[in-house]
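Input: a single structure, listed below in structure tokens.
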């Protein structure tokens, strides 16, 4: 394989991009749901305040979610996952666990007693640590993604509806904008705290709590690596 092609597969999130490009089309019901959600918020904003710019933003958000869907945003999720795997886990643990697995598999296969469909990984300290690390890296990328998708949607619509109450003292536009921002932050923090309850080490739990903040340097680093690859044909191994 061309060395440049190998470097490209090492870029953060590239595997997710490739999988998305060859994925199945999204069902029409998904597109209709998110477009209708954005249109509902936009309709309330236009009906109450005639704030067409803000309404356009919510329509664009709903269209983006409907057309690109969860899979497109999982590219960003994969970038954060790759960053956590690189910076927050020990690669020697994975190598040790894979070595133990292959040794045990080969040993049993030589005896002709292996059932490949029901084969279970050996229960060793390295295997258990690797399992925790995999659970950690997957969980690390979830909070900000859920907040970006569901927090904005629920917060925006909820804020707009609550602003219709006369005693709220807010315009529908303000309620929708504040609700979208507050909803994304609140949902992100809530999911981060919930993921920190997983059976992980104390260090990993603390990292999960602050994972929404760490997603920022992860995305910046990925952007730099992609730019370097396109501009100079280079990437960090």
Between residue 138 and residue 223, with labels modelled 7 Å along Cα→Cβ, what's the label distance in nm to one decimal, could you check? 3.0 nm
Just subtract the alpha-carbon distance of residue 47 and residue 29 from 0.36 nm times their residue separation and send over the number in nm, one decimal. 3.9 nm
What's the FRET efficiency of residue 231 with residue 150 using the Cβ-Cβ distance as r and R₀ = 45 Å, to the nearest 0.05? 0.80
Quick check: residue separation of residue 124 and residue 197 times 0.36 nm, minus the Cα distance between them. What number comes out in nm? 24.0 nm
Quick shape check on the stretch 28-222: root eigenvalues a ≥ b ≥ c of the Cα gyration tensor, a/c under 1.5 is rounded, otherwise prolate if a/b tops b/c, else oblate, and it reads prolate
Figure the gain on full extension for residue 164 and residue 64 (residue separation times 0.36 nm, minus the Cα-Cα span) and round it to one decimal in nm. 33.3 nm
Assuming R0 = 25 Å, what is the FRET efficiency of residue 90 and residue 209, from their Cβ-Cβ distance, to the nearest 0.05? 0.75
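Here, each number is a calculation from the coordinates, and none is a lab measurement. Worth saying up front: this structure is predicted, and the values here are computed from it rather than measured. For neighbour counting, all protein chains shown are included, and Cβ atoms are generated from backbone atoms with ideal geometry for every residue, glycine included.
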